[in-house]
Amino acid sequence: MDTAPPLLAVSGREIIDSIREGIIITDAEGLIQAVNTCFCSLTGFSPEDVIGQNPRIFKSGKHTKSFYDRMWKTIADRGFWKGEIWNRRKDGSIYLESRTISAIRDNEGTITNYIGIFSDISKQKKAEETIRHLAFYDPLTNLPNRALFRDRLKQAINQAERNKKLLAVLFLDLDRVKIINDTLGHDIGDRLLVGVARRLEECLREGDSIARLGGDEFIVLLPGVNQMDDVVKLTEKILGSLKPAFNLDGHELFITASVGISIYPHDGEDANTLLRNADSALYRAKGQGRNNYQLFTRGMETEVLEQLELTNSLRRALDRDEFVVYYQPQLNIESGEIVGIEALVRWQHPEFGVLPPKRFIHWAEDTGLIIPLGEWVLKQACEQNRKWQMAGHPRLRVAVNLSALQFRQKNLVSTVEKVLADTNLPPDSLELELTETVIMENAGPSTSVPHSLRALGVRFSIDDFGTGYSSLSYLKRFPVNTLKMDRSFIQDLTTSTDDLAIATAVVTLGHGLNLTVLAEGVETEGQLETLKNLKCDRMQGFLFSEPIPASDFEEMLNENRRLDEATLFSAHHKHIPNLTN
Ligand code: C2E
Ligand code: MG
Ligand code: MG
C-alpha cells in the first residue's frame, strides 16, 4: 500500500513551539490543554502550572465582567475575537497583550477547542505613550504644547459658554532671552526656561492651564473667570513672580516678560480668534517697552499688521536707502547763534511716508539693525557736518544719538575713529548723545569705551537728563561735556514752580560740574526767556526750528538765521509738518 509522504518533516508540536507568539489551546469547556514555549517565556508559567486550569488564572483585575462577557459573546457569534487585554504573569506583574481567540469546530459545527494567540505589547504601548507625550508635551519644560493647549482651550470655551463665564488667554513672551542664549549659551538659556516654567506654574490656580509654545513663548488659560479684575491680578502676579533673580551656574539672571491678553467672549468666540488677538495684544505690549501687559482692543489687529509690515520692511530699508538724516539746530542762548545740530534719523517709507524714530527705533534695537543703522547715521552726520564746516561754518558741531546696543559694541571706538578719519571731521566737532540709563548700565568704573572715545577728542552729552536715575558720582567719573535737560521740564517751565526749581537745579548742577547745559524742546518765547534768566547755555526746539532735511538747514545757514525776534516770528508762523508723533 502506498503511503503518501508527510507534507512536512516537522511535527505540529515543533511548529507551535517555533512560533514567536504565545499560544494557549483549551477544550470546549475552556480548560487549558496545551501551551507553547513562547507562552512560557512570556508569562513565566510552565506547562504543568497551567494544563487543566481555566485561563481566568491570568486575570489582571483590570477588566470588568462585561468586558469578558462581550468577548465571549463575540466568539460565540463570529467564532473569533481580537483585542487588547491586560493579564497577569506568574510573578504577579501585569502586562498588556494583543490577543486573538478563535473557536475550533468539528464537522457538525460543535465547538471542540479554543485557540488563543497573543503577544506582549507592553513595550510597544509604552513607546506609543512616549510618542503621544511628545506630540502633546514640550520635552524641555514638560508643559503641554500648542496642540494640547488648543484642545483644552476649545473645551474651556464650550464650558464658559454653558456656564456664562469669562475666559482669559494670556500670551506671554520673555524679553531679551536671545541675549542670554547668545552670551551665556543655550544650556543656560534652556535652564532659565525651565525655571520660568516652574515659577509660572506656581502662580496658577487649580483648573488653569499653561503651555509652552516653543522658544520663549508661553500661554496661559484662565477658565471660569468672574471678573476682569481677577485676570489683571493674576497677570501682575505672574510678572511679579519673575522679578527675583534666577541663579544659574553662578550667573544672576534677571528676566522680564510681556503679556498680551484676550478675553472670551469679548475678544473672540473661538480658539483661533482668541489666540490671534492675544498675540496682537502681546505685540503691542512689546512695543510699549516690555515688562508690561496689554489687553486686546479692537483696532489692534490693523495696527499690528501695519507694525508687522514695518518690521519686515525695516530689514530692507537700509539697503534700499530709505533712511534720511534730519538736522535740528542747537543755539547759543546768549549770542543767538547756531552752534550745532542734532542728527535725527527718519525713515522715508515708500508707503507710509516720513516716519519718526519712535515708530521704528525699538524694532531696530530688537533686531540688531540699530548697529548698521547707527553707524550709517554717524557717517552721514559727520560727512554732512564736514561739508558745512568747509562751506564757511568751521565751528559747527554735530550731535549723534547712540543706542545702548551700539554703546556695548566692542568695536565702537574703532568705528568712530574710522568715520572721523574717513570724513576728516575734527573729533571735537562730534558729540555723542547717551541717555542716563545707558550710561548707568554700561559705564561702570571698569568700562574704558567712553574714556577711549574721549581720548580721541570726541565729546559726550547726556540726553533726556532728569528722566533717568543718575548717580552723581558716576556722572562725575563719566567724561561728559553737555547736559541736555529733558523736554518734560521745559514744557511747563513758566507755569510749574516745581519744574522751574528742577530746571534751576539742573543748570546749577551742570555749571558746578563745568558742563554746558542745553534745554531740549523749547517751544515758546516765555520758556526761552526763563532759560535766559537761569543762564542756561543752549537751546534746541520748535521755537527756532523742527528737525529739517539737510538742504533746508543749509538754506538756514546761508541766510545766517539767528535766535532773534524777527526769525522767531517767521519760524513761528511757518507751517511745518509735525513729525514727532
Ligand atoms: P532725542 O535725542 O531726545 O531727540 C529729540 C527729540 O525731540 C526729537 O524727536 C525732536 O524732534 C524732538 N523735539 C525737538 N524739539 C522739540 C520741541 O520743541 N517740541 C517737541 N514736542 N519735540 C521736540 P525725534 O526726532 O522724533 O527723535 C526721537 C528720539 O529718537 C530721539 O530723542 C532719540 O532718542 C531717538 N533717535 C533719533 N535719531 C536717532 C539715531 O540716529 N539713533 C538712535 N539710536 N536714536 C535716535
Ligand atoms: Mg538726542
Ligand atoms: Mg532728548
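The values are calculated or read from the model by the stated rules, or taken from the named source; none is laboratory data. Computed from a prediction, not measured in an experiment: that's the story for all the values here. Here Cβ is always computed from backbone atoms with ideal geometry, including for glycine, and neighbour counts include all displayed protein chains. The accessibility values were calculated without ligands, DNA or RNA, using every heavy atom of the protein model including side chains. Shrake-Rupley method; radii C 1.70, N 1.55, O 1.52, S 1.80 Å.
All conditions in (1) in contact with a Pro (Cβ under 8 Å, 6 or more places away or on another chain); (2) within 17 Å of Leu331 (Cβ to Cβ); (3) aliphatic (A, V, I, L, M) hold for Leu456, with the sole exception of (2). When the stretch 503-533 is filtered for residues that are more than 16 Å from ligand 2 (Cβ to nearest atom), more than 29 Å from Ser448 (Cα to Cα) and buried (at least 18 other Cβ atoms within 10 Å of the Cβ), the ones remaining, listed by number, are Ala503, Gln527, Leu528, Thr530, Leu531.
Looking only at residues of the stretch 332-380 that are within 16 Å of ligand 2 (Cβ to nearest atom) and part of a strand (DSSP E or B), we find that the one that is farthest from Leu432 (Cα to Cα) is Arg346. Tell me, yes or no, whether the stretch 38-54 has at least one residue that is free of Cβ contacts under 8 Å to residues at least 40 places away in the same chain, within 25 Å of Gly12 (Cβ to Cβ), of a type in the set (A, V, I, L, M) and assigned to a loop (DSSP other than H, G, I, E, B). Yes, some residue in the stretch 38-54 is free of Cβ contacts under 8 Å to residues at least 40 places away in the same chain, within 25 Å of Gly12 (Cβ to Cβ), of a type in the set (A, V, I, L, M) and assigned to a loop (DSSP other than H, G, I, E, B).
For the stretch 467-487, a residue qualifies if it is in contact with a helix residue (DSSP H, G or I) (Cβ under 6 Å, 6 or more places away or on another chain), at pLDDT below 90 and within 14 Å of ligand 2 (Cβ to nearest atom), and exactly one does: Gly468.
If you check Leu170, Leu193 for being at pLDDT 90 or above, in a strand (DSSP E or B) and either of a type outside the set (Gly, Ala, Ser) or under 20 Å from Phe136 (Cβ atoms) (or both), only one passes: Leu170. Note on the stretch 550-564: residues that are free of Cβ contacts under 8 Å to residues at least 24 places away in the same chain and farther than 20 Å from Val325 by Cβ amount to 2. The set of residues in the stretch 207-253 being part of a strand (DSSP E or B) and out of contact with any strand residue (DSSP E or B) (no Cβ under 9 Å at 6 or more places or on another chain) consists of Gly214, Leu248, His251. Residues in the stretch 417-437 that are over 19 Å from Leu369 (Cβ atoms), away from ligand 2 (no atom under 16 Å from the Cβ) and touching a residue at least 24 places away in the same chain (Cβ under 8 Å): Glu417, Leu420, Asp422, Thr423, Asn424, Leu425, Pro426, Pro427, Asp428, Ser429.
Take Lys125 and tell me if it is open to solvent by 40 Å² or more (accessible area, probe 1.4 Å), touching a residue at least 24 places away in the same chain (Cβ under 8 Å) and closer than 30 Å to Arg212 by Cβ. If you could, list the steps in order and put the result at the bottom.
Numbers: open to solvent by 40 Å² or more (accessible area, probe 1.4 Å): yes; touching a residue at least 24 places away in the same chain (Cβ under 8 Å): yes; closer than 30 Å to Arg212 by Cβ: yes.
Here the answer is yes, as Lys125 does meet what is asked.
Scanning the stretch 381-404 for residues that are open to solvent by less than 50 Å² (accessible area, probe 1.4 Å) and either in a helix (DSSP H, G or I) or more than 16 Å from ligand 2 (Cβ to nearest atom) (or both) yields Ala381, Cys382, Gln384, Asn385, Trp388, Gln389, His393, Leu396, Ala404.
Against the numbered list (1) without any contact (Cβ under 8 Å) to a residue 24 or more places away in the chain; (2) touching a His at 6+ places or on another chain (Cβ under 9 Å), Glu303 comes up short only at (2).
Among the residues of the stretch 430-451, the one identified as open to solvent by 10 Å² or more (accessible area, probe 1.4 Å) and modelled with pLDDT of 90 or more is Glu431.
Here's the yes/no breakdown for (1) closer than 30 Å to Phe544 by Cα; (2) among the hydroxyl-bearing types (Ser, Thr, Tyr):
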site: Val304; (1), (2): no, no
site: Asp321; (1), (2): yes, no
site: Gln328; (1), (2): yes, no
site: Ser335; (1), (2): yes, yes
site: Gly340; (1), (2): yes, no
site: Glu375; (1), (2): yes, no
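Screening the candidates Asn113, Asn142, Asn107 for the property of being exposed (fewer than 15 other Cβ atoms within 10 Å of the Cβ) and either in a strand (DSSP E or B) or under 51 Å from the mean Cα position of the chain (by Cα) (or both) yields one hit, Asn142. A search for C-beta distances below 6 Å between a residue of the stretch 225-242 that is at positive phi and any residue that is open to solvent by 30 Å² or more (accessible area, probe 1.4 Å) and part of a helix (DSSP H, G or I), counting only pairs 6+ apart in sequence or on different chains, returns nothing. In the stretch 335-352, of all residues being more than 16 Å from ligand 3 (Cβ to nearest atom) and of a type in the set (A, V, I, L, M, F, W, C), the one that is most open to solvent (accessible area, probe 1.4 Å) corresponds to Phe352.
Every residue in the stretch 245-254 that is closer than 29 Å to Arg284 by Cα and either open to solvent by less than 10 Å² (accessible area, probe 1.4 Å) or without any contact (Cβ under 8 Å) to a residue 24 or more places away in the chain (or both), please. So that I can check it myself, show each step before the final result.
Filtering the stretch 245-254 down to residues closer than 29 Å to Arg284 by Cα leaves 245-246, 252-254.
Answer for the stretch 245-254, where residues must be closer than 29 Å to Arg284 by Cα and either open to solvent by less than 10 Å² (accessible area, probe 1.4 Å) or without any contact (Cβ under 8 Å) to a residue 24 or more places away in the chain (or both): Ala245, Glu252, Phe254.
Condition check ((1) away from ligand 3 (no atom under 16 Å from the Cβ); (2) out of contact with any Gly (no Cβ under 7 Å at 6 or more places or on another chain); (3) among the aliphatic types (A, V, I, L, M)) across all residues:
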{"position": "Lys387", "(1), (2), (3)": "yes, yes, no"}
{"position": "Ala399", "(1), (2), (3)": "no, no, yes"}
{"position": "Gln409", "(1), (2), (3)": "yes, yes, no"}
{"position": "Val419", "(1), (2), (3)": "yes, yes, yes"}
{"position": "Leu425", "(1), (2), (3)": "yes, yes, yes"}
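Of all the residues in the stretch 353-380, those that are modelled with pLDDT under 95 and open to solvent by 60 Å² or more (accessible area, probe 1.4 Å) number 5. Scanning the stretch 481-516 for residues that are over 17 Å from Asp537 (Cβ atoms) and either without any contact (Cβ under 8 Å) to a residue 12 or more places away in the chain or within 15 Å of ligand 3 (Cβ to nearest atom) (or both) returns Ser488, Gln491, Asp492, Thr495, Ser496, Thr497, Asp498, Asp499, Ala501.
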